[in-house]
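First comes the structure, then the notes that go with it.
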Amino acid sequence: MSHKPLLGVRKQMISIPRYLHPISRLAWRTTAKTVEMGVRFFISKEHHLVRNYAARELTRVGSPLTPEFIANALNMSVERVNVILDEWVRRRVLLKNEQGAVTCVYPVRVDIPQCSSLHHVIFSNDEQIRTA
């Protein structure tokens, strides 16, 4: 069975030739391996809801968010929020501290001291955050 990686461009899917570029070769191998292993990760509306809420609240609150805080705000069970957070952690989209509170949802991070390697972001509504 031949697996060809596809690149979505607007409403079309374009096949990426295997030999085109080293990055394309890597994408081809990764895609083929993923398809062979049957690995699928369905990102549900709840996944997006939790991630987007956590990113928005980290900028507003400026301190780590507990799963209980997120669950109460989104009217979800704490167990479901923890499952979703753990899936995002495995995919390196967000980080949690030792207590299990969310400290980083890329690119927003609140658990690190002020340092020169961070980016200072100012939004149009004059909100300011430091990002990783």
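Listed values, structure above:
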{"quantity": "Accessible surface ranking that places the most exposed of I122, I70 first, with a 1.4 angstrom probe", "calculated": "I122, I70"}
{"quantity": "P(r) weight above 14 Å for region 41-99, C-alpha pairs, percent", "calculated": "51"}
{"quantity": "By accessible area with a 1.4 Å probe, ligands and nucleic acids excluded, highest first: order of I84, I43", "calculated": "I43, I84"}
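The values are calculated or read from the model by the stated rules, or taken from the named source; none is laboratory data. A quick note: this is a predicted structure, and the numbers were derived from the prediction, not measured. These area figures cover heavy atoms from the full protein model, side chains too; ligands, DNA and RNA do not enter into them. Shrake-Rupley method; radii C 1.70, N 1.55, O 1.52, S 1.80 Å.
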